[in-house]
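Notes for the one structure printed next.
The values are calculated or read from the model by the stated rules, or taken from the named source; none is laboratory data. A quick note: this is a predicted structure, and the numbers were derived from the prediction, not measured. With ideal geometry, Cβ positions are generated from the backbone for all residues, glycine too; neighbour counts draw on all protein chains shown. Quick note on the areas: whole protein, heavy atoms, side chains included, nothing else; ligands and nucleic acids left out. Shrake-Rupley method; radii C 1.70, N 1.55, O 1.52, S 1.80 Å.
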Amino acid sequence: DEGYYQGGKFQFETEVPDAYNMVPPKVKCLTRIWHPNITETGEICLSLLREHSIDGTGWAPTRTLKDVVWGLNSLFTDLLNFDDPLNIEAAEHHLRDKEDFRNKVEDYIKRYAR
């Protein structure tokens, strides 16, 4: 209900591997989005989805699917990261023109996330 993505409905696909919970689930965003940490093809940059993370916040067997949902939700608020983007074009767009970035996000929500 806050931030750039308010009002959007975003769908994710989660594949739980046989080796879960020793390995993280695979998650993809199925909704087209303009986001610095999610590519337009749905790849997601979220450290807890990585088996090995240099920041120490990667997957651990103690994590659950609930943690994944909370992490995905955080990508739309407090974990929105323009400094270490997966979608470099979106991050540079935000740096160049925050208002135009917001307009593009809103356009994507209207077209793809209703």
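Listing for the model above:
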quantity	calculated
Search result, residues across the stretch 80-101 that are open to solvent by 80 Å² or more (accessible area, probe 1.4 Å) and either modelled with pLDDT under 95 or in contact with a Ser or Thr (Cβ under 8 Å, 6 or more places away or on another chain) (or both)	D83, D84
Any helices (runs of 4 or more DSSP H) falling wholly within the stretch 48-114 and containing at least 2 residues that are under 17 Å from F12 (Cα atoms) and not aliphatic (A, V, I, L, M)	65-74, 98-112
Conditions (1) modelled with pLDDT of 95 or more; (2) hydrophobic (A, V, I, L, M, F, W, C); (3) part of a loop (DSSP other than H, G, I, E, B); (4) more than 19 Å from I109 (Cβ to Cβ); number of the one not met by V27	(3)
Residue pairs meeting the criteria (Cβ under 6 Å; at least 6 apart or on separate chains; first over 15 Å from C29 (Cα atoms), in the stretch 44-73; second surrounded by 12 or more Cβ atoms within 10 Å (Cβ to Cβ) and of a type in the set (D, E, K, R))	G58/R50
The stretch 40-67, residues that are acidic (D, E) and under 30 Å from A113 (Cα atoms)	E40, E43, E51, D67
Count of the stretch 57-79 residues which are within 15 Å of G3 (Cβ to Cβ) and open to solvent by 40 Å² or more (accessible area, probe 1.4 Å)	4
Failed condition for K104, given (1) at pLDDT below 95; (2) over 10 Å from the mean Cα position of the chain (by Cα)	(1)
Residue match in the stretch 21-38 (condition: surrounded by 15 or more Cβ atoms within 10 Å (Cβ to Cβ), out of contact with any strand residue (DSSP E or B) (no Cβ under 9 Å at 6 or more places or on another chain) and farther than 20 Å from A113 by Cβ)	yes
E2 in a loop (DSSP other than H, G, I, E, B), in contact with a Pro (Cβ under 8 Å, 6 or more places away or on another chain), open to solvent by 30 Å² or more (accessible area, probe 1.4 Å) and farther than 20 Å from E92 by Cβ	no
Sole exception among (1) open to solvent by less than 50 Å² (accessible area, probe 1.4 Å); (2) closer than 24 Å to E92 by Cβ; (3) not in a loop (DSSP other than H, G, I, E, B) for G8, by number	(3)
